[in-house]
Structures are given as C-alpha cells and as structure tokens.
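The values are calculated or read from the model by the stated rules, or taken from the named source; none is laboratory data. These numbers were taken from a predicted model, which means no experiment stands behind them. Here Cβ is always computed from backbone atoms with ideal geometry, including for glycine, and neighbour counts include all displayed protein chains.
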Amino acid sequence: MPNLTILASGTRGDVQPYIALGRGLARAGHTVTLLSSENFAPLVTEAGLGFKSTGRSIEERINTDEWRAATESGNFLRVLGKMQSEMKQAAEEQSKIFPPLVEGSDLLIAGMASIGLHALSEYHRIPALHAHVFPFTPTREFPAPLFPALPLGGLLNRPSFHLTHQVFWQTSKAGDAALRRVLGMKGGSFWGPFRQMHASGAPTLYGYSAHVLPRPSDWGNSYHVTGYWFLDAPEGWQPPTDLVNFLAAGAPPVYIGFGSMGSRSPEQAGQIALEALARTGQRGVLAAGWGGLKAENLPDTVHLVGSIPHTWLFPQMAAVVHHGGAGTTGAGVRAGVPSQIIPFMADQPFWGRRLADLGVAPKPIPRKRLTVEALTDSIRQMTSDAQMRDRARALGERVRAEDGVSRAVALVERFLSAGAKL
C-alpha cells in the first residue's frame, strides 16, 4: 500500500481534523505519517499514525503576551504579520527539517498553511493534494472566510479569494524560498502556487458539511465537500469520574470554552462566564483551553475541565459557547445543540455568521465585545428558543448521517488508483 504523508500545522483545532483523516486512511490499509509540531505527538500516535516532528510546540509560542495581544485584537492581518515575522526567523532551520521528513512518500496531503508543500512535491516528484477545513477555492456565491459580507451583489466574492491566497502566500513565501535555496531549486512564482494547484486536476477536499455550507455551483468537478473529519475519543478512553458525576447530578449544562485562543485577560472571560451562568440559572462546564478562560472558586453548579473530546461532551450540553474554529463549530453542529460563537479572528466570524443564518445560533459576539449582558442574553435565547433548538437538532441529525472521513478516503484512493501525478 502507498505511504501517505499528511502535513498539518497550527493549533489543536487546526491539526485534529487531519489526524481524523489520517486515521481513516490508516484503517483503509495505508501507511500514514503525520508531520506536525512536537506537542501533537501523543495525539497522533494514540490515533495509530506515524509521527514526525517539525519542531517546537506552537503552544510555547502562542502563550506569550505578544501573541495573546495579537489574537485578542481580532485583527487577522496583525496575526499574519506576527506569523510572517516568525516564519522569516525560522525559515532556514525549517528548510533543513522538512525535506528528509517526506522522503519515501507516495502522496503528500496538506492544507493551505503547510510551508513548502509545492516545493517538496516538485523536488521529490511526489504528487500532492490539498485538504482544507474552510473554503479556499474562489466562488461567486460567498466571500472568502477572512472577509465580511461584501457589496455589489457578489461581484467582489471571487476577488476576495484571490486576495486571501496572496495574504497567505506573502506570509509563507519566506519559508518556501528558503526551502528552494536549500534544495538547489529555482525560485517559486511571485504569485504563489495557486494557479498551478487549481490546474493540476488533483482533487481538493473540504472537510466540512454541505448541510452547513452548500458546495458552490461554480466549482469544478475536482472540488469535493466531503463532510466533517471528526476525531472521536481513542479506543479505551474514559471520561473523568468527577465530570461524569457532575453531568449526572442535574440538567444539561452550558459549555463555555475558547480552545487554543489565548487572551490577555482570561480571568475576565471566566468572570463573564460565571456571572452569565448565574443570571440565567444554568449549570456550566468551563474549559480552560490554552489560556482563553480562567476561573477559580467555582460554585457547585459549574465544573472546570481540561481537554475533553468535544464529540463526547457536546451532545450532553444544553448549548455550547466557543470561539468558532472550524472543528469546534462542526462538533457543536453534530451534537445538535445551539451554538454561540465568540470569534477571535480568521474564519471564526465566517462560521459564526453561517450558523446564525441557518437559525441554529444567535448572531456571533466578537471577543472584544463579550460582556456579561451579551452572554446572558445569548444563553437565555439558546436554552429557551424552541425553534432554534429544533433547527439545531435537525441539522445535527443530518450531519451525523454523513461520514466525511470515509468519503475523503475514497477520493484519495481514487486519485491514487488513477495514477496520481504531479
């Protein structure tokens, strides 16, 4: 069977869908190795995949005051600027790490954030395909996820995707250029690899549900919306006894957590959450994450958790409040309960608007505008609006009926059996 290499970078929410995809490919009999930062080694190996480290944990970088300020600002260009600065500093080191990691691979799979994918594919003559968790292919039907709703009847929608491509390319091209220098290759295109990517004919996989965001009618046949790539709890995993006891002791609680989104004022976020729960009379489960929320002296009606699989936890909630990352959004939808998205940056506002448009969520509340009053009103709406709860339940049923991983695996295997080419 072919040796498949998946390149995944970012925070846990960015990496976890690719672990799920890799596990599906491994269960189909393929040898799968996932490349990511060192802190994800246990998560990857628990899923039964090979792991190779690309270097220092992203958690070490993201939990600095400078990164927290950039994340909390909600200004994604500021975040990308910070990323670009760090990529330039690490470019030479990374360019020496990556080439040997992919040797012997028969196929490379990566999202848009993986540095040097196209240079590695070209140098080693390994075919590559793209797998994304939010829309990256231009369409007239909606703007790129980094943009708000645009005027002129959608005329600017396609250009917004091309601009998004350039934003990501200009952020990452220092790493690509360094990699090409180390490998003795000619320089890459000034405009990036996207035209070549779209012209290659290789399938592009999208790991979200068409029930949440329908596939655009102007996409070609090589673009596939497969359904979400969910990573369920590993075999033999058991939830903490104190959490099980808390859930059994009363009505379904409201989940509040911001994943890997750090904050300069996690104590404030924790206090807002506790006060809103108290005002609404709801029980709560708070997730500490990587520093977006911190709470002490909890009442008996609130339970604090660390890392708990959302696929297990969310179906037991009355509603979920989170940052709106693609994976967490999918888990909330799959659970069939209303979601309140508190977006920090990037594609998070996009998913927040989308769920609100579907009627399964209140309007998103940007993190900078999160107040006790706003969260209180949201929790009351999510727990009392029968129509919203019915819509969320129905959408959850449709999403649970999908098997995004299996469909993605079938597409990868079809590409391989057709003689995958560069």
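Beta carbons closer than 6 Å, at least 6 apart along the sequence or on distinct chains, pair a first residue in segment 232-255 that is touching a residue at least 12 places away in the same chain (Cβ under 8 Å) and of a type outside the set (S, T, N, Q) with a second that is assigned to a loop (DSSP other than H, G, I, E, B) and surrounded by 10 or more Cβ atoms within 10 Å (Cβ to Cβ) for A233/P309; G250/R283; P252/M317; P252/A318; P253/R283; V254/Q282; V254/A318; Y255/M317.
Of a type in the set (S, T, N, Q) and assigned by TED's automatic domain parsing to the domain that holds G324: does that describe N245? Spelling it out, N245 is indeed of a type in the set (S, T, N, Q) and assigned by TED's automatic domain parsing to the domain that holds G324.
Can you say whether A278 is surrounded by fewer than 18 Cβ atoms within 10 Å (Cβ to Cβ) and either of a type in the set (D, E, K, R) or not assigned by TED's automatic domain parsing to the domain that holds A410 (or both), as far as the supplied structure shows? Answer is yes for this residue. On the given criteria, is T311 of a type outside the set (A, V, I, L, M) and either closer than 26 Å to E235 by Cα or free of Cβ contacts under 8 Å to residues at least 12 places away in the same chain (or both)? Yes, satisfied. Would segment 151-172 turn up any residue that is on the phi > 0 side of the Ramachandran plot and in contact with a Leu (Cβ under 6 Å, 6 or more places away or on another chain)? No; the residues of segment 151-172 include none that is on the phi > 0 side of the Ramachandran plot and in contact with a Leu (Cβ under 6 Å, 6 or more places away or on another chain). Selection of first residues in segment 388-407 that are farther than 21 Å from L231 by Cβ and of second residues that are charged (D, E, K, R), restricted to Cβ pairs under 8 Å at least 6 apart or on distinct chains, gives an empty result. Count of segment 220-255 residues, restricted to those that are surrounded by 16 or more Cβ atoms within 10 Å (Cβ to Cβ), hydrophobic (A, V, I, L, M, F, W, C) and modelled with pLDDT of 95 or more, is 7. Would you mind stating whether E296 is surrounded by fewer than 20 Cβ atoms within 10 Å (Cβ to Cβ), at pLDDT 90 or above and in the same structural domain as V360 (by TED's automatic domain parsing)? So E296 fails the test.
Taken together, R353, R369 contain a single residue that is touching a residue at least 40 places away in the same chain (Cβ under 8 Å), surrounded by fewer than 24 Cβ atoms within 10 Å (Cβ to Cβ) and of a type in the set (D, E, K, R), which is R353.
Note on segment 376-407: residues that are farther than 17 Å from Y255 by Cβ, not polar (S, T, N, Q) and not in a loop (DSSP other than H, G, I, E, B) total 13. Inclusion of G332 among residues that are more than 19 Å from L286 (Cα to Cα) and touching a helix residue (DSSP H, G or I) at 6+ places or on another chain (Cβ under 8 Å) is not warranted. The single condition from (1) assigned to a helix (DSSP H, G or I); (2) of a type in the set (D, E); (3) closer than 22 Å to V333 by Cβ that D232 fails is (1).
Might you let me know whether segment 338-356 holds any residue that is in contact with an Asp or Glu (Cβ under 8 Å, 6 or more places away or on another chain) and not in a helix (DSSP H, G or I)?
yes
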